1. Which members of segment B:200-212 meet the condition of being assigned to a loop (DSSP other than H, G, I, E, B), out of contact with any Gly (no Cβ under 7 Å at 6 or more places or on another chain) and either within 14 Å of chain A (Cβ to nearest Cβ) or buried (at least 19 other Cβ atoms within 10 Å of the Cβ) (or both)?
2. Restricting attention to segment A:350-382, which residues are without any contact (Cβ under 8 Å) to a residue 60 or more places away in the chain and out of contact with any Ser or Thr (no Cβ under 7 Å at 6 or more places or on another chain)?
3. Could you please tell me which pairs satisfy a Cβ distance under 7 Å, a separation of 6+ or placement on different chains, a first residue in segment B:399-411 that is assigned by TED's automatic domain parsing to the domain that holds B:PRO78, and a second residue that is of a type in the set (Lys, Arg) and assigned to a strand (DSSP E or B)?
4. Report whether or not A:LEU347 is without any contact (Cβ under 8 Å) to a residue 40 or more places away in the chain and away from chain B (no Cβ under 11 Å).
5. Here are some residues: A:GLY317, A:GLY349, A:GLY332, A:GLY357. Which one is at pLDDT below 95 and either in contact with an Asp or Glu (Cβ under 8 Å, 6 or more places away or on another chain) or within 17 Å of A:ILE274 (Cα to Cα) (or both)?
6. Only one residue in A:ASP141, A:ASP154, A:ASP194 is closer than 28 Å to A:LYS80 by Cα and over 15 Å from the mean Cα position of the chain (by Cα). Which one?
7. Got a sec? Which helices (runs of 4 or more DSSP H) wholly within segment B:213-326 have at least 1 residues that are in contact with a Gly (Cβ under 7 Å, 6 or more places away or on another chain) and either modelled with pLDDT of 95 or more or within 14 Å of chain A (Cβ to nearest Cβ) (or both)?
8. Please indicate, with yes or no, whether at least one residue in segment B:89-98 is under 21 Å from B:ALA267 (Cα atoms) and not acidic (Asp, Glu).
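The values are calculated or read from the model by the stated rules, or taken from the named source; none is laboratory data. The structure presented is a predicted model; accordingly, all values stated were derived computationally and were not measured. We place every Cβ from the backbone using ideal geometry, glycine too, and count neighbours over all the protein chains shown.
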Amino acid sequence: MKRIIVMSLLMMLSVSWVSAQETASSPAKEFVVFTDKNARDNHFIPSGWMGDYGDLKLNDQAMDNPHTGTTSLEFTYTAKKSQGSGWAGVYWQNPANNWGSKKGGFDLTGMTKLTFWARGAKGGETIQKFVIGGIKGTYSDSSTIEFGPVELTDTWKQYTVNLAGKDLSYISGGFGWVTTADLNPEGCTFYVDDIKFEADPTMKPQVRQPESMPFYVYSDRSSIKNHFIPSGWMGDYGDIKYEGSSKEDPYLGDTCIKVTYSGKISQGARWAGIYWQNPANNWGSVDAGYDLSKATKLTFWARGAKGGERIEEFKVGGIMGEFSDSDVASVGPVILNKEWTQYSIDLKGKDMSYIIGGFCWATNIDVNPEGATFYLDEIKFE
Amino acid sequence: MKLSLNNASKKRLTQDTGYKKRLKALCILCSLFCACAVLSGAARPLTHKVYIKTLNAGRYQLMVNNRPYIVRGVCYNPIPIGKNHEYDWWSDAHKPWMVDGKRMKEMGINTVRIYQAGEDPEKVKAVIRDLYDNYGIRVILGHWLGFWEYPCPFYGHKDFRDRVKQQVLDMVNLYKDEPGILMWILGNENNYSCLNMVRPWSNDEIDNEPDPQKQKKMRATIYYSFVNELAGQIHAIDPNHPVALGNGELIGLDVANEVCPDVDLVACIIYRGKTFGNLFNSLKATFDKPILLSEFGADCYDAYLGQEDQNMQAFFLQSQWRQIYDNVANSKKGAGNCIGGTMFEWTDEWWKHSESDPESWLVHDTESNWTNGSYYFDIKAKGNKNMNEEWFGIVALSNTEKEEGIDARIPRKAYYVIREFWKNPQKEIKLKR
């Protein structure tokens with residue numbers, strides 16, 4: 001009998017040992033970015049404040065209606081452009097304040113999605129994008145995944161970012177968000193909760209779909225329809241003043257774009273221009289082209305402040321880098337009228353399947369000796 | 001049959017019987033004829049017919065002696081260390097092309113592209129013959145079409161066009177019967193002058209046109225019509241070689257499509273990094289002609305890290321050659337309109353950074369003076385200037401050692417990588433970058 005009892009005990013021990021081994025070796029089903037302040041399973045810290053960081057306030061223990069637990073994260077963005085950037089955002093990093101200079105991060109291979117909950121204080125707050133990875137430096141993240149723009153509701157809503165097929169072998173920027181003063185002219189307050197990576201076997205790699213037409217580069221200052229950022233300043237960039245919210249006689253809507261080119265040759269190039277890029281400052285290093293295969297033309301409205309301003313070239317595509325635009329098309333030189341005039345870039349026969357550089361203009365001092373002021377509106381693919 | 005044979009031959013002939021004697025005599029006669037022809041140079045073997053064959057589905061194949069020919073080429077301008085572009089390498093007593101041709105043949109190169117012939121026709125012929133007779137390497141001969149003439153190329157003026165036309169026709173007449181000639185390329189990136197981007201030119205009619213877009217079109221029409229006229233006249237005197245329109249990118253080819261029916265193919269200068277993108281399909285939609293990638297490649301100097309990076313060059317070149325092969329006529333993958341390429345370039349050229357400063361021709365300059373985001377590994381260099389003009393060679397030049405009287409050639413990694421690629425284009429070779 002004693003022997004049977006001993007055998008039974010041994011068997012029980014053996015079974016419990018096996019199950020512990022299985023637990024230890026089976027892949028994790030989720031990996032928390034952030035749940036509640038001081039939660040033991042938080043893996044990233046919301047330490048990477050970007051752009052107009054002076055416009056940001058974080059209450060990391062907001063007790064008002066958390067999604068789960070006792071608190072959520074409350075962000076307040078004033079849109080006052082404290083640092084003159086016109087945009088702001090926060091990265092959750094590991095370790096804190098790691099912009100790729102330190103070894104940290106996690107191997108999240110096996111995770112196929114990131115989920116988070118968010119709500120706006122009033123509803124209608126627009127977040128330009130949420131981002132996973134994308135930190136560059138000596139220790140760069142292995143991927144960049146962007147999601148957005150997102151218009152928040154005043155009730156909690158879960159958002160899912162598909163990560164299937166992405167290289168998550170090194171991620172130090174676990175989560176982040178960015179928004180702009182143009183999208184939220186009066187600022188905004190919003191809440192985020194329960195951010196985590198999950199291993200969901202039903203997720204499949206996302207196939208890039210052709211975008212529906214019309215597809216806007218610029219509609220209006222605060223429009224969620226805007227898809228590219230006028231971030232690629234070229235040549236004598238010091239000669240350019242850009243206003244994305246000019247109210248000086250817009251062609252349609254509340255605002256238009258006003259560009260002032262001084263022709264002062266600040267950088268000695270004798271020419272200047274701006275590319276609208278996706279994401280901002282992407283010169284082909286980020287795999288983020290839109291599939292605009294359905295587009296047969298790009299149209300835009302333009303006028304000169306005096307009439308007679310000469311733009312050497314308006315262009316679509318043409319960014320060359322590790323991830324190059326699939327084609328390029330242009331029109332020009334164009335001599336602007338004082339009245340709004342619509343221009344068109346013919347895209348028939350062009351390969352618009354991968355476009356990072358949605359729109360571009362360039363001009364030079366030789367054809368505008370006194371500089372030039374001009375306006376643009378309703379830039380869209382059709 | 002009277003034969004003029006030496007004594008030894010006569011002696012051997014008397015030992016042979018009737019039929020054998022006649023056969024042997026015939027062989028000797030042929031040999032003597034060929035030897036005399038080669039020595040005299042006046043009666044070279046017949047020129048090989050080179051032409052473009054159109055296949056199904058708009059695919060094009062270059063044919064040489066009725067056989068498909070993929071151009072595995074390199075741009076060739078062997079300027080030694082300490083000299084600049086004015087150096088007459090055709091007259092170099094050390095014959096650098098003999099050293100280079102041997103190494104090119106070992107690599108698998110079958111064609112060199114030369115931008116313009118030297119001034120002495122006999123020396124030019126000697127180079128063409130040396131390369132072809134010794135190594136089977138054919139020559140694509142180009143002409144700048146007066147692009148670098150001071151103050152600018154006046155394509156809008158008849159006297160300028162007539163003068164250039166005469167030069168081109170003289171070139172064709174001089175070299176068309178050389179068996180080593182593969183084709184002619186007219187111009188290089190001359191189309192950029194139509195956009196006023198470089199070497200701008202005009203005439204009264206253009207100056208009187210207020211619309212700058214129409215001005216651009218007028219210049220392009222004048223220039224491409226001139227090239228077409230040249231192509232037509234070349235065909236009249238030389239039916240054996242195709243005529244290519246040299247062009248920077250595909251810019252302006254919508255106009256060429258309207259006025260260049262006599263051009264056989266396009267020879268494009270393309271620097272797009274690891275990919276040519278949709279170049280081949282785009283050409284089909286714009287100007288449906290075969291394409292030779294007449295200038296492409298990568299430098300091997302990392303302007304960001306400030307050091308030579310042969311892996312970087314090999315990475316880009318292998319990717320570019322793979323795409324060329326994907327788009328030749330018999331490939332199922334691509335557009336089928338590519339006939340090959342001539343990569344830039346065989347040797348480094350140490351004069352390029354400061355072409356007017358003889359001191360600098362002795363220095364392998366590492367300062368870049370232009371930017372190209374397609375070559376992204378070193379795009380973070382100061383001012384994004386990442387292209388090092390003096391570092392494009394498939395072989396480096398030694399400033400300490402000589403071989404056969406010329407700067408010793410040191411093959412770079414790209415030399416070996418492309419050599420292996422050509423041996424088996426289907427095989428995937430994983431490179432470091």
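1. B:PRO200, B:GLU209, B:PRO210, B:ASP211
2. Keep residues of segment A:350-382 that are without any contact (Cβ under 8 Å) to a residue 60 or more places away in the chain, which gives A:350-351, A:367.
Within segment A:350-382, A:LYS350, A:VAL367 qualify.
3. Taking only residues 6 or more apart or on different chains, the pairs are B:GLU403/B:ARG409; B:ALA408/B:LYS402.
4. Values: without any contact (Cβ under 8 Å) to a residue 40 or more places away in the chain: no; away from chain B (no Cβ under 11 Å): yes.
So A:LEU347 fails the test.
5. A:GLY332
6. Unique residue meeting the criteria: A:ASP154.
7. Details: elements: B:253-259, B:279-286, B:310-326.
Because the criterion is at least 1 residues that are in contact with a Gly (Cβ under 7 Å, 6 or more places away or on another chain) and either modelled with pLDDT of 95 or more or within 14 Å of chain A (Cβ to nearest Cβ) (or both), the helices (runs of 4 or more DSSP H) in segment B:213-326 that meet it are B:279-286, B:310-326.
8. no
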